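Worksheet for the structure shown next.
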Amino acid sequence: MNNHYSMLIEWSEDDDAYVVSFPEFAGAHTHGATYREAAKNGQEVLTLLIETCEQEGNPLPMPARYQRAMA
């Protein structure tokens, strides 16, 4: 599935894991013991989020766009 949605992967001391959040899908998150596992789990969740929106007839959120900081 080709999409342009964001995944933010951050280390969480409290969870002792990498936590993945999805800026365009508020409240959705997953995790992984390693960065690679978190990224894999994140892609699976992102696919499910998109499929769920489509199945329920809900519009997909607009993908966030990277804004390069001006020096």
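The values are calculated or read from the model by the stated rules, or taken from the named source; none is laboratory data. All values reported here derive from a predicted model rather than from experimental measurement. Virtual Cβ from ideal backbone geometry, glycine too; neighbours counted across all protein chains shown. These accessible areas exclude ligands, DNA and RNA; they are computed on the full protein's heavy atoms, side chains included. Shrake-Rupley method; radii C 1.70, N 1.55, O 1.52, S 1.80 Å.
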Quiz item: Mind checking which residues of the stretch 1-34 are of a type in the set (Phe, Trp, Tyr) and either in contact with a Leu (Cβ under 9 Å, 6 or more places away or on another chain) or under 11 Å from LEU49 (Cβ atoms) (or both)?
Solution: TYR5, PHE22, PHE25
Quiz item: Of all residues in the stretch 30-53 being polar (S, T, N, Q), open to solvent by less than 70 Å² (accessible area, probe 1.4 Å) and assigned to a helix (DSSP H, G or I), which is nearest to PRO63 (Cα to Cα)?
Solution: THR47
Quiz item: Within the stretch 21-29, can one find any residue that is over 21 Å from ARG65 (Cβ atoms), within 11 Å of the chain's Cα centre (by Cα) and part of a strand (DSSP E or B)?
Solution: yes
Self-check item: Cβ pairs under 6 Å, 6+ apart, first in the stretch 54-71 and closer than 17 Å to MET7 by Cα, second open to solvent by 100 Å² or more (accessible area, probe 1.4 Å) and in a loop (DSSP other than H, G, I, E, B)
Solution: PRO63/HIS4
Self-check item: Residue match in the stretch 57-70 (condition: among the basic types (Lys, Arg), open to solvent by 70 Å² or more (accessible area, probe 1.4 Å) and either modelled with pLDDT under 95 or in a loop (DSSP other than H, G, I, E, B) (or both))
Solution: yes
